[in-house]
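Visitor: Sharing a structure, written as structure tokens. Questions coming.
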Amino acid sequence: MSVPALRIDNLVKCYGDFAAVDGVSLAVEEGEFFGLLGRNGAGKTTTINAIVGLARITRGTIALFGHDVERDWRLARGTVGLAPQEYNFDRYLNIRDVLIYQAGYYGLRGAAVARRADLLLERFDLTSKAKQVYTRLSGGMKRRLSLARALIHEPRLLILDEPTAGVDVELRLELWSLLRELNGRGSTIILTTHYLEEAEELCDRIAIIQSGKLVALDSTRHLVGAGNLQDVFLELTRR
């Protein structure tokens, strides 16, 4: 039996007496396009932060490709790339250096990293902006740069935290196309979103989190075909 790309067992993350994530368990298979849905404040980003080491786990375990994210954190973190919802680029670096600097966090440097950065800039149509700082990029370019940075160390798992939040329809479709391409080339992708149509369009399976708890987990085809996905979202809205 193959080792899943991600396994979460009974994850709990508390801030004081508040449980932002409360007993979540799930697994994501290698090569899967997996959706993590829920309204703002449901616990999606906290779950992602626990996976990549930005939030300390209160209870439970998380493993990336069999590597425990706390005991084997160096190996685990090298397998995952995160494109966060908020932009957090160094405003004093040009965007080519943003990619090269990011690679250094994974012990990567030298000519090979520079070539990788140039290839990613070309792939995401950013070559002409290579010497500019990110503040001079359009919204779409910033989103593409975020994806490029997440990919600089060639991770096996890509996590995207609400990558199309607040963007226009044209840019959303562009990003969807890029994500399909990445998944088609073998990347495992986890997408957090509160857009129902985005999950339907992209994801093989969907998990829905409400108030820190996992309330649904199934294939997109089953959830959508049976009308269950709409029912869950209507319930979330009423509450």
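The values are calculated or read from the model by the stated rules, or taken from the named source; none is laboratory data. It should be emphasised that the depicted structure is a prediction, and the values quoted were computed from it without experimental measurement. So basically every Cβ, Gly included, is an ideal-geometry build from the backbone, and we count neighbours across all protein chains shown.
Visitor: Which condition breaks for Asp161 when tested against (1) acidic (Asp, Glu); (2) buried (at least 16 other Cβ atoms within 10 Å of the Cβ); (3) free of Cβ contacts under 8 Å to residues at least 40 places away in the same chain?
Guide: Failed condition: (3).
Visitor: Just checking, which of Leu191, Leu179, Leu173 is hydrophobic (A, V, I, L, M, F, W, C), in the same structural domain as Val52 (by TED's automatic domain parsing), under 13 Å from the mean Cα position of the chain (by Cα) and part of a helix (DSSP H, G or I)?
Guide: Details: Leu191 fails: part of a helix (DSSP H, G or I); Leu173 fails: under 13 Å from the mean Cα position of the chain (by Cα).
One residue alone meets the criteria, Leu179.
Visitor: In addition: Report the residue count in the range 1-21 for those that are assigned to a loop (DSSP other than H, G, I, E, B) and of a type outside the set (Ser, Thr, Tyr).
Guide: Adding up the residues that qualify gives 6.
Visitor: Out of Ile159, Ile209, report the one residue that is closer than 26 Å to Asp22 by Cα, at pLDDT 95 or above and among the β-branched types (Val, Ile, Thr).
Guide: Ile159
Visitor: What residue, among those in the range 189-213 that are charged (D, E, K, R) and closer than 16 Å to Val169 by Cβ, is surrounded by the fewest Cβ atoms within 10 Å (Cβ to Cβ)?
Guide: For the range 189-213, the residue satisfying everything is Glu197.
Visitor: Further question on the same structure: Would you please name the residue that is nearest to Leu64 (Cα to Cα), looking only at residues in the range 91-139 that are of a type in the set (D, E, K, R) and in contact (Cβ under 8 Å) with a residue 12 or more places away in the chain?
Guide: Arg116
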